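J.: After the C-alpha cells below, expect a handful of questions from me.
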Amino acid sequence: MDAEKRASVYRPSPQDTIIEVTDMTFSRGSRKIFDGVSLRIPKGKVTAIMGPSGTGKTTLLKLIGGQLLPDSGEIRLEGQNIPGLSRRELFVVRERMGMLFQSGALFTDMNVFDNVAFPIRVHTQLPEDMIRDIVLMKLNAVGLRGAVKLMPSELSGGMARRVALARAIALDPDIVMYDEPFTGQDPIAMGVLVNLIKRLNEALGHSSIIVSHDIQETLSIADYIYLLSDGKVIAEGTPEELRQVESEKVRQFVEGLPDGPVPFHYPAPDYVEQLMSTGETR
Amino acid sequence: MIDRIQRLGHKTLSKLAAFGRSGQILLQSVVARPAPLMMLPLLIKQIYFVGVLSLVIIVVSGAFIGMVLGLQGYTILVDYGSEQAVGQMVALSLLRELAPVVTALLFAGRAGSALTAEIGLMKATEQLASLEMIGVDPLRRIIAPRLYAGFICMPLLSMIFAVVGIWGAAVVAIDWLGIYSGAYWANMQQSVDFWNDVVNGLIKAVVFGFVVTWIAVYQGYDCIPTSEGISQATTRTVVYSSLAVLGLDFILTALMFGDF
C-alpha cells in the first residue's frame with residue numbers, strides 16, 4: 001500500500017466490508033463485555049482489534065466464529081447473520097474461516113502433516129497425493145516443510161504457531177483470525193510471524209483479523225485498527241491516525257504508559273490505612 | 001437463613017442445569033446422524049484405549065478377587081461339610097454382583113478418569129474450539145467415539161472379570177485346597193441360570209458402562225479449562241461414577257432378584 005493512500009483518511013465502506021458487527025452487546029454473568037459495539041472488517045485487508053487485556057478481544061473472535069452468541073445485535077458475514085444460523089449452517093460458514101489460536105491448538109495425537117491435512121480431509125474428497133501436495137505447499141509457505149513428520153510436542157512455541165497458521169490457511173479461507181499471535185514469542189519468531197501474516201494476506205488475498213496488544217508489531221502490519229476498551233470502540237483508524245489521537249486513554253495504550261486513565265492499581269482501600277489496620281487481608 | 005435458602009436454591013438450579021447439559025451432550029453425540037466410515041477408525045482406537053488397556057487391571061483384580069472368594073468360601077463352608085458348594089457360591093456372587101460392580105469401579109478409575117482428563121485437556125488447549133472452527137463438531141468427532149467405546153467395552157470387561165474370577169477360585173479351591181474338581185464345576189453348572197444370573201449380570205454391566213462413560217465424558221467436556229478445573233473434574237468423575245454404580249446396583253438388584 002502506498003504512503004499517499006495511507007495518509008488519506010481511510011474508512012471501510014459497506015461495499016468492501018466482509019464482516020459487519022452492528023450494535024452488539026455481550027455479557028458474561030453480570031459483567032458486560034461488549035456494550036453496543038459496531039465495527040466493519042474490510043475485505044482483503046489486515047484489521048487489528050486492540051485493547052488492554054480483559055476487554056474481550058478474544059471473545060469478539062469467538063462471537064464472529066459463532067462459538068458464542070451475543071445478547072443482542074448482529075454479526076453479518078456478507079449479509080448472513082451468524083448468531084441466527086443453525087448449528088449445521090454454522091459449520092458450513094466456518095469452512096470460510098481460519099483461526100489461529102493463542103496456544104496453536106494443534107491436535108496432539110497427530111503429526112504436523114496430519115494436522116495441516118485435517119481440514120482438507122474433512123471438507124474435501126481430494127485424493128491423497130493431492131492433499132500431500134497442498135499440505136507441503138502450505139507448510140512451505142510457513143517455512144516448515146522439513147517438519148512434516150514431527151509431533152506437536154516436538155515443536156517450539158513459534159513453530160507450533162506457524163504449523164497452526166498453515167492449518168488455518170489449508171482450505172484457503174476468506175477470513176483468517178489471529179488470536180494474540182505474538183504473545184510469548186521470542187523476537188525472531190515474532191518477526192517471522194509479523195512477516196508471514198502480512199505476506200500471506202497479500203499473497204492469498206484473504207481478510208485478516210488480528211487480536212493483539214503488542215502495539216508495535218500490530219501497528220506495523222495492520223491496515224486498519226479498532227481500539228476497544230470497556231466494551232466499546234474508543235478509537236479507530238489507520239496506524240498513523242491512531243498515533244495522532246489526542247484521547248488520553250488511547251495515548252496511554254499506544255505509548256504503553258503504566259499509569260493513566262487505566263490505573264496501575266486495582267481498586268483498593270487507602271494504602272497507609274490498610275497497612276496500619278489489623279483487619280483481615282485474606 | 002434467607003441466604004442459606006438462596007444458596008440451596010442456586011445449587012439445586014445449577015445441578016439441574018448441569019444435568020440438562022449432560023443430557024444434551026449425550027443426545028447430540030449419540031443420536032446425531034452417525035458417519036460410520038469416519039467413525040470406525042476412531043472407534044477402534046478408543047476401544048483400544050478404553051478397553052484393551054484396561055485389561056491388565058481387570059484380569060489381575062478378577063483373579064485375586066476370585067482367589068479370595070474361593071479361600072473365604074472354603075473356610076466358612078468347610079465347617080458345614082459343604083465345601084463342594086464353593087463353585088456355586090463363587091460363580092453366583094461374581095456373575096450377579098462382583099463382576100459388574102467391581103469392573104465398573106475399576107473402569108471408572110482407569111478409563112473414566114483418563115477420558116475426563118483427556119477431554120478436559122483438549123478443551124484447555126483449545127483443541128475442541130479449533131475443531132469447531134475447522135467446521136467439525138467435537139461432539140461427533142471426539143465425544144461420540146469415546147461414548148460408544150465405553151458402552152461396548154464395559155460389558156466385555158465385566159464378562160472377562162467373571163471368567164477370570166471363577167478360574168482364580170478354581171485354582172485355590174481345587175489345586176490348593178483339594179476340592180474334587182467334578183463337584184466344583186457340577187455344582188456351578190446346576191445352580192447358575194443363564195437368564196437369571198448371566199444375563200442379569202450383563203444388563204448391570206451395560207447400565208454401569210453407560211453411566212460411567214457418560215459421567216466421564218460430560219465432566220471432561222464441561223470442565224473449567226484450567227489445571228485446577230481438570231483435576232476437580234477428574235475427581236468428580238471417579239466419585240460420581242462410583243456412587244452412581246453402587247446406587248444403581250442396589251436398584252437393579254432389587255428389580256432383578258427382589259421378591260416383590
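The values are calculated or read from the model by the stated rules, or taken from the named source; none is laboratory data. Because the structure is predicted, anything quoted here is derived from the model rather than measured. So basically every Cβ, Gly included, is an ideal-geometry build from the backbone, and we count neighbours across all protein chains shown. Ligands, DNA and RNA are stripped out before the accessible areas are found, and what is left, the full protein with its side chains, is counted by its heavy atoms. Shrake-Rupley method; radii C 1.70, N 1.55, O 1.52, S 1.80 Å.
J.: Efficiency by 1/(1 + (r/R0)^6): what FRET value for B:T253 and B:L55, r their Cβ-Cβ distance, R0 = 30 Å, to the nearest 0.05?
T.: 0.65
J.: Can you send over the solvent-accessible area of B:W185, 1.4 Å probe, protein chains only, in Å² to the nearest 10?
T.: Spelled out: B:W185, probe radius 1.4 Å, area about 110 Å².
J.: Calculate how large, on average over all directions, the projected area of the Cα convex hull of the range B:36-251 is; give the answer in nm² to one decimal.
T.: Taking a quarter of the hull surface, the average projection is 13.3 nm².
J.: In addition: With a 1.4 Å probe and all protein chains kept in place, how do B:I160, B:I5, A:I41 rank by accessible area, largest first?
T.: Solvent-accessible surface, decreasing: B:I5, B:I160, A:I41.
J.: For chain A, what number of Lys pairs, 8 or more residues apart or on separate chains, have alpha-carbon atoms under 14 Å from each other?
T.: Value for chain A: 6.
J.: Just to be sure I understand the rule: take each whole DSSP H helix in chain B, project its Cα atoms onto its long axis, keep it if the span is 18 Å or more and its mean Kyte-Doolittle hydropathy is at least 0.5. Which ones pass? Could you put the intermediate results ahead of the total?
T.: On the way: long enough: B:2-30 (42 Å, 0.01); B:36-50 (20 Å, 1.54); B:55-77 (32 Å, 2.11); B:144-170 (40 Å, 1.57); B:200-221 (32 Å, 1.21); B:227-257 (44 Å, 0.98).
Those that clear 18 Å and a mean of 0.5 are B:36-50, B:55-77, B:144-170, B:200-221, B:227-257.
J.: What FRET efficiency comes out for the pair B:M38/A:T278, r = Cβ-Cβ distance, R0 = 60 Å, nearest 0.05?
T.: FRET efficiency, B:M38 to A:T278: 0.40.
J.: Testing the spin-label approximation: label points 7 Å from Cα along Cα→Cβ at A:D230 and B:V31. State their distance in nm.
T.: 4.7 nm
J.: Quick one: helix A:128-141 against the long Cα principal axis of chain A, what's the angle to the nearest 10°, folded into 0 to 90?
T.: 40 degrees
J.: For A:Q244 and A:D259, calculate 0.36 nm times their separation in residues minus their Cα-Cα distance, and state this gained length in nm to one decimal.
T.: Full-extension gain reported as 3.5 nm.
J.: Related question: Per-residue counts of other Cβ atoms within 10 Å, averaged by peptide: what ranking do you get for B:80-93, B:246-259, highest first?
T.: Put in order of decreasing packing, that is B:80-93, B:246-259.
J.: Once you charge only the Cβ atoms, +1 for Lys and Arg and -1 for Asp and Glu, what is the size of the charge dipole of the protein assembly as shown about its Cα centre, to the nearest 20 debye?
T.: Once rounded to the nearest 20, the dipole reads 640 debye.
J.: Further question: Report, in degrees rounded to the nearest 10, the 0 to 90 angle that the Cα long axis of helix A:187-204 makes with the longest principal axis of chain A.
T.: For A:187-204 against chain A, the angle is about 60 degrees.
J.: Enumerate the calculated ³J(HN,Hα) couplings along the range A:165-173 in order (Karplus 6.51 cos²θ - 1.76 cosθ + 1.60, θ = phi - 60°), each rounded to whole Hz, writing x wherever the residue is Gly or Pro.
T.: 3J(HN,Hα) across the range A:165-173, in whole Hz: 5, 4, 5, 5, 9, 4, 9, 6, x.
J.: Calculate the spin-label point distance for B:Q72 paired with A:D109, positioning each point 7 Å from the Cα along the beta-carbon direction, and give it in nanometres.
T.: 3.8 nm
J.: Would you mind computing, in nm to one decimal, how far apart the modelled labels at B:S231 and B:D79 are, each placed 7 Å from Cα along Cα→Cβ?
T.: Distance between the two pseudo-spin positions: 4.7 nm.
J.: Length gain on complete extension for the stretch A:R11 to A:D23, per 0.36 nm per residue less the alpha carbon to alpha carbon distance?
T.: Length gained, A:R11 through A:D23: 2.5 nm.
J.: How much FRET efficiency would the formula 1/(1 + (r/R0)^6) give for A:D186 and A:Y271, where r is the Cβ-Cβ distance and R0 is 30 Å, rounded to 0.05?
T.: Working: r = 37 Å, r/R0 = 1.24.
According to the calculation, E is roughly 0.20.
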